[in-house]
Every structure is written in structure tokens, then in C-alpha cells.
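In what follows, a single structure is set out as C-alpha cells and then discussed.
The values are calculated or read from the model by the stated rules, or taken from the named source; none is laboratory data. Nothing here was measured: the structure is a model prediction, and the numbers come from that model. Heads up, the Cβs are rebuilt from the backbone with ideal geometry, glycines too, and the neighbour counts pull from every protein chain shown.
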Amino acid sequence: MTLTKELKQKEQPKQGMLENVMKQFNAAAELVDLNPNIKKILEVTNNELIIHFPVRMDNGEVEIFKGYRVQHNNALGPYKGGLRYHPTIDIDSVKALAMWMTWKTSLAGLPYGGAKGGIQIDPKKYSNSELERITRRFTYALGENIGPEHDIPAPDVNTNAQTMAWIADTYMSTKAPSERSKNQHVVTGKPVGSGGLEGRDRATGFGVFLTIKFWAENKKIDLSGKTFIVQGFGNVGYWAAHFLELEGAKMVGVQDAFGTIVNPEGISVEGLFDFSKNNSGNFIGFPNSSSIAKEDFFSLDCDICIPAALGNQITAENAPFIKAFLVAEGANGPTTVEAEQILLSRGIEVIPDILCNSGGVIGSYFEWLQNRNGELWELEEILVRLNKKMSEVFKKVLKASEEKGIDMRSAAYVIAIERIEKAYIQRGIFP
Ligand code: NAD
């Protein structure tokens, strides 16, 4: 039976991302024997904001939008996390994504906590000027719930440097003239001309590539000639594929919201990028590729599988069919707990999201420091620093995984949670 048929016959479970992150957290809490009082703090979010705000559309009508900002934890520093524009986001998915940010920033050794937010919207349905008004009004509604030393958003799915420039400009416009420039680092991921970091666009995908490279070096595997598939050809997926191709690896399948294409002989990453740019982001019809059913993507023949789109994509249903020897999680929460157990039992290793895609928040930290200190860093220096930081974090996870005989996700969680626990123990609980 093909995977497509198998999937059509089965009722797909609707496991939420929140359930997934809580299962991961509970398992890790047990592993580190987490102080029960600190566990009580970490299993809930600090603040959850749901905002309804009106925006005038191009046709003169007013539409009401729903925005979210969830601040999970700030024990280690200001809240940090992206803003997602997607019709499927809801309070639970934002809570899950905020929690993952807490573990990610802690694991990376950054002075940040974790947050996430976004708007429940399909941005494809709106004009650019409508998106600008929606973003600016959302920023205004968030008010002092964000701030350069309090909560610092960044790009995520369907948001980009332009979105961040609108947020920075709106936020700074609400300040007294003498205070404006001190608030530039209210968001990271800005365009380079507006205080952004050279290379921030590629930081996450470059980091995904680096973790794959470090993993392969440790296993004495040569990436040249290896095949990979990517789900999501956006910021993260494209850049990860770009650097893998430079290393000599071959992309044989790619899936995005428009569909799925394959070519066992290889799909040119740059060719596909240009083709899709000229077709309003749609790559279906790319020369020498064929379209396949969405459900058959994860069972494609390949060495490395990179989910770089949404959460809960690798499930107990498709995990048994995955052929890759490595899953590198570019996306946040792409693998359910049950699916990961299946993958591990089949000898397939997983580079967990909080390690694999942490190049983005590390790049954001560099941008924040650059703005805060009035500095301008050069691309070469930034990529060297990113490489060094990612290598240190990867080595820590590998060491913990080998010493404790646990998988890489568990090792990453152990490091992340122990750092936060230590901070709480040193400071105590007010009052
Ligand atoms: P993006 O908006 O640039 O790209 C998203 C991609 O996913 C697009 O190609 C889109 O077509 C595809 N997609 C959307 N729905 C899909 C579906 N149902 N099936 C298949 N593909 C689908 O977003 P991004 O910034 O590349 O983020 C991708 C993932 O990486 C998200 O999980 C995000 O949280 C995570 N991430 C992003 C960053 C960052 O710096 N941008 C950092 C860390 C983690």
C-alpha cells in the first residue's frame, strides 16, 4: 500500500503543538529531576495577550483582526520570539511556540527569555498597503507589551524584514523624538538599511546547515553527493538548501504551501528560487521536475529530511515511511513526540528544533547588541561568530547526549532547563 492510500484510510490525529511541547518538557523535567516548584512556574506562561483591532481595507471597509503575544518566561532576560502571520495560529499554538523560544534561548546561552506572537490572517489575501496598516495597528495595540529591553519580536512564518521595519518605525514613532533612536532594537530581523544585521536573512538557514555539517563531521559522513528534501522553501528552507547545495549535496524534493515537486537527479536551489520569484512565489511547473501528492513527500528517497515549514508535520502516520538517516528540524515543533520515538527506534537521528534553528535567534542577538551599542558589524565577522556559537552549542548537546546516553532533543532540553532552574534557585521566588 502506498503512503498516500494509507493516510487517506486513517483518520489523521489532531495533536496540538502545545501537547507536544508539554510532553517534551515533562520528559525532560523528569530526566533532570527538576525542582517541583520551578516546574510549576515553567509549565505555564507568564503573560498571554489576545488583541482584537480594526483596520481600514483598501475598499474603505473596516475589518477586525485577532493578534496574539504570549510571553512564556523571562528568567534569563527580556522575552524574545517571532511574529507569525497565519490563518491557523491560535492561543495554544502561540503558547507552544513561546515555550520553545524559552528553551532555545536558554540552550544557546543567550540573555533572553521566550515569547511568540502573530496575527490570525492569511497574508496572501491582503495588499501590501493593507498588510502595512495591519502591522502598524497591531504594533500600536501591543503598546508597551513589547520593548527593546522587555520583549523583542522578530520574523517568523509570513513575516519578514519589511514587517519588522514597519514595527520598528511605528514603535519608535510613539516615543518622544529624543528617545526614538534608543528604541530601534525593539525588533530584530530589520532590513540592513534600518538597523538590521548583515546576514540576518540567512542566519537561521545557515545555522540549520551548520548543525547538519557538525553532525555529519561527527559521524564521518561526507555531505557531498548526499540527497535532501525540504518542506518549506521560505526563509529557513531556502537558505538551508542554499548552503547544502554549496557543500555538494543535492535537493531531490521540495514542498511548500503550493505543492510538492521532485527530481531524483536534483533540483537546482538557485534555479528554483529564481523561478518561484518570477511566479509570485509558486514553484510548481519548474522545468524537469514532477509534481507528486502532498502525502508522499516525507516518504521520498533521500539522506536528509529538513522540515522547515509548520509544526506537527512528521507524525506517527508518516514517520514509519521516512527514508532519510537524519531529520534536521528547521521548523519549530515539526515532529510529534510519537513520531520521534518511531524515528529513533528506526535508527533515524533528529537534530532538534531548539538547536537546529537557533541560528536565527543568535543572529537576532547580534543585531540587538549592534543596535544597543551603536555598532555596525560586517557580514564576514557575523558568520564567523555565528559559526563559533553554533559549534559550541552543538558540542554541548552532543556531549550531554553521549555522556547521558540520551537522544539529542533530551540532551538539549536538559541543558536548557538546568540553566533556567539555576537562575531561579540563585534568585529565589519573590517575595
Ligand atoms: P516563511 O514564511 O519564510 O516560509 C514558510 C514556508 O513554509 C513557505 O515556503 C510556505 O509555502 C511553506 N508552507 C506553509 N504552509 C505549508 C504547508 N501546509 N505545507 C508545506 N509547506 C508550507 O517562514 P520561515 O521564516 O522560513 O519559517 C519556517 C519555519 O522555521 C517556522 O516553523 C518558523 O517558526 C521556523 N523558524 C524561523 C526562523 C526565522 O528566522 N525566520 C527562526 C527559527 C525558526
Of (1) within 16 Å of the ligand (Cβ to nearest atom); (2) buried (at least 21 other Cβ atoms within 10 Å of the Cβ), ALA168 satisfies every one except (1)
Is it the case that some residue within the range 172-182 is under 22 Å from the mean Cα position of the chain (by Cα) and of a type outside the set (Gly, Ala, Ser)? no
Helices (runs of 4 or more DSSP H) contained entirely in the range 1-85, each with at least 1 residues that are over 30 Å from ARG136 (Cβ atoms), modelled with pLDDT under 95 and acidic (Asp, Glu): 3-9
Residues (away from the ligand (no atom under 13 Å from the Cβ) and in contact (Cβ under 8 Å) with a residue 60 or more places away in the chain) located in the range 316-337: ALA316, GLU317, PHE321, ALA324, LEU326, THR336, VAL337
Spans of helices (runs of 4 or more DSSP H) in the range 192-277 with at least 3 residues farther than 30 Å from ALA154 by Cα: 200-219
Which residue, of THR159, THR163, is within 12 Å of the ligand (Cβ to nearest atom), at pLDDT 95 or above and in contact with a Leu (Cβ under 6 Å, 6 or more places away or on another chain)? THR159
State which residue pairs qualify: first residue under 18 Å from TRP239 (Cβ atoms) and inside the range 259-274, second residue of a type in the set (Gly, Ala, Ser) and modelled with pLDDT of 95 or more in any location, beta carbons under 7 Å apart, and separation of 6 or more residues or different chains. ILE267/SER289; VAL269/ALA241
Per-region count, the range 254-288, residues within 15 Å of the ligand (Cβ to nearest atom), in contact with a Ser or Thr (Cβ under 7 Å, 6 or more places away or on another chain) and not aliphatic (A, V, I, L, M): 4
Looking at the range 186-203, can you tell me whether even one residue there is surrounded by 16 or more Cβ atoms within 10 Å (Cβ to Cβ), at positive phi and within 16 Å of the ligand (Cβ to nearest atom)? yes
Would you confirm whether any residue within the range 214-227 is charged (D, E, K, R), buried (at least 22 other Cβ atoms within 10 Å of the Cβ) and under 26 Å from PHE394 (Cβ atoms)? no
Could you go through the range 105-125 and let me know if any residue there is of a type in the set (D, E, K, R), surrounded by 24 or more Cβ atoms within 10 Å (Cβ to Cβ) and touching an Asp or Glu at 6+ places or on another chain (Cβ under 6 Å). no
Subset of the range 327-349 [touching a strand residue (DSSP E or B) at 6+ places or on another chain (Cβ under 8 Å), surrounded by 23 or more Cβ atoms within 10 Å (Cβ to Cβ) and not in a helix (DSSP H, G or I)]: VAL327, ALA328, GLU329, GLY330, ALA331, PRO334, THR335, THR336
If TYR112 meets every condition in (1) under 16 Å from LYS66 (Cβ atoms); (2) within 15 Å of the ligand (Cβ to nearest atom); (3) of a type in the set (Phe, Trp, Tyr) apart from one, which number is that one? (1)
ILE354 meets each of (1) away from the ligand (no atom under 12 Å from the Cβ); (2) part of a helix (DSSP H, G or I) with one exception, condition (1)
For the range 357-390, how many residues are part of a loop (DSSP other than H, G, I, E, B) and not charged (D, E, K, R)? 6
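Of all residues in the range 361-381 being out of contact with any strand residue (DSSP E or B) (no Cβ under 7 Å at 6 or more places or on another chain) and surrounded by 20 or more Cβ atoms within 10 Å (Cβ to Cβ), which is farthest from LYS213 (Cα to Cα)?
Checking each candidate, the answer is ASN371.
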Of the conditions (1) assigned to a strand (DSSP E or B); (2) touching a Phe, Trp or Tyr at 6+ places or on another chain (Cβ under 7 Å); (3) small (Gly, Ala, Ser), ALA154 clears all except one; give me its number. (2)
